[in-house]
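S.K.: For reference, the structure I am asking about is given below.
What follows is calculated from the coordinates using simple rules that are stated; it is not laboratory data. Since this is a predicted model, take the numbers as computed values, not measurements. Every residue, glycine as well, gets a Cβ built from its backbone with ideal geometry; the counts of neighbours run over all protein chains shown.
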């Protein structure tokens, strides 16, 4: 006797469908900001010039590598909540609070833009806490806390380069 194939198993993790949808929507915005930040940082890594070239080239590489690895964590949390993760430039352009940078800015302007983008990503992550807390979603809370720590520390380190 053949077993009946199930289309998909219902999700019953103690978080309502409505709350999972709200959290996934917020995480989608975080994913879009994170991808935009990744792309900006990688672009600046390729194109930085000037007296701080070696320092910034190396720093940007460490930052975009960390950011790249974080993308998967955010997308997989969205999937674990039962929703599709956005994955196109069109999706990201619609969801992201970080806007694309035109041209190739000077090194100091790259740093300023990255500080702003790191802080914007931190704000997006922080904005999710009320709904995540209300839903008692500790795995998402943990992910958000980890991302906030990275973005705030990176913004501080970049901002330090702008001081005289």
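S.K.: Take residue 46 and residue 129, extend 7 Å from each Cα along the Cα→Cβ direction, and tell me the distance between the two endpoints in nm.
M.R.: 3.6
S.K.: Quick one: angle between helix 17-47 and the longest Cα principal axis of the chain, in degrees between 0 and 90, rounded to 10, please.
M.R.: 30
S.K.: Let me ask something else about it. Pairs of Cα atoms under 8 Å, at least six residues apart: use those to get the relative contact order of the chain, whole percent.
M.R.: 31
S.K.: Rank by packing, highest mean first: peptides 96-103, 153-160, with packing defined as the count of other Cβ atoms within 10 Å averaged across residues.
M.R.: 153-160, 96-103
S.K.: Show me the ranking of peptides 35-45, 139-149, 12-22 by mean Cβ neighbours inside 10 Å, starting with the highest.
M.R.: 35-45, 139-149, 12-22
S.K.: How big is segment 17-161 by Rg and Dmax over its Cα atoms, in Å?
M.R.: Taking only Cα atoms of segment 17-161, I get Rg and Dmax of 15.4, 53 Å.
S.K.: Under the 0.36 nm per residue contour assumption, what length would be gained going from the current alpha-carbon distance of residue 57 and residue 112 to full extension?
M.R.: Fully extending the segment from residue 57 to residue 112 adds 18.3 nm.
S.K.: Based on the Cβ-Cβ distance of residue 162 and residue 100, what FRET efficiency does E = 1/(1 + (r/R0)^6) give at R0 = 22 Å, to the nearest 0.05?
M.R.: Efficiency computed from Cβ-Cβ geometry: 0.50.
S.K.: Additional query: Quick check: the distance between the Cα centres of segment 55-94 and segment 19-37, to the nearest angstrom?
M.R.: Segment 55-94 and segment 19-37 have Cα centres separated by 10 Å.
S.K.: Moving on. Using only helices, what value at 222 nm comes out for the chain when you add -39,500 (n - 2.57) per DSSP H run of length 4 or more and divide by the total residues, to the nearest 500 deg cm²/dmol?
M.R.: When only DSSP H runs of four or more count, the value is -24500 deg cm²/dmol.
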